[in-house]
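Notes for the one structure printed next.
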């Protein structure tokens, strides 16, 4: 049997690890389905999505130089439609807006300068008292 990239095959899960699952697609021929290729949704634990002995459809997404198969389960399913992004609503009346980054930075710099000058004055007074004794 020829294992070409893009071929869709039926296989059986023979092993599960924290980074994916091994699938046997033919006698003596198996490949790895990486955790990122299991589902269109986030997968934190492979065992919540797959079980050993489970029959799955896989797509060959790559064959390395050693002849090992890189497989994908999610490539055999249709991706769920993306939810349309909501457009920001237009404001009907002017409400106080969030200060811009530049305004925030300017305020931070002013506060920082005030604190630094206060520290400098404090350290100058403290030093003068110690020298005068």
Of all residues in region 2-20, how many are on the phi > 0 side of the Ramachandran plot and part of a loop (DSSP other than H, G, I, E, B)? 1
Within region 21-44, the residues that are under 25 Å from the mean Cα position of the chain (by Cα), outside any loop (DSSP other than H, G, I, E, B) and over 18 Å from residue 77 (Cα atoms) are 22, 31
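When residues of region 70-99 are filtered for being closer than 30 Å to residue 30 by Cβ, surrounded by fewer than 10 Cβ atoms within 10 Å (Cβ to Cβ) and either over 28 Å from the mean Cα position of the chain (by Cα) or modelled with pLDDT of 75 or more (or both), how many remain?
Count: 1.
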When (1) surrounded by fewer than 17 Cβ atoms within 10 Å (Cβ to Cβ); (2) not in a helix (DSSP H, G or I) are applied to residue 47, the one that fails is (2)
Quick check on residue 54: is it under 30 Å from residue 15 (Cα atoms), at pLDDT 85 or above and surrounded by 10 or more Cβ atoms within 10 Å (Cβ to Cβ)? yes
Among (1) in a loop (DSSP other than H, G, I, E, B); (2) modelled with pLDDT of 85 or more; (3) loosely packed, with under 10 Cβ neighbours inside 10 Å; (4) on the phi < 0 side of the Ramachandran plot, residue 102 falls short only on (1)
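The values are calculated or read from the model by the stated rules, or taken from the named source; none is laboratory data. Since the structure is predicted, the reported quantities are computational estimates derived from the model, not experimental observations. So basically every Cβ, Gly included, is an ideal-geometry build from the backbone, and we count neighbours across all protein chains shown.
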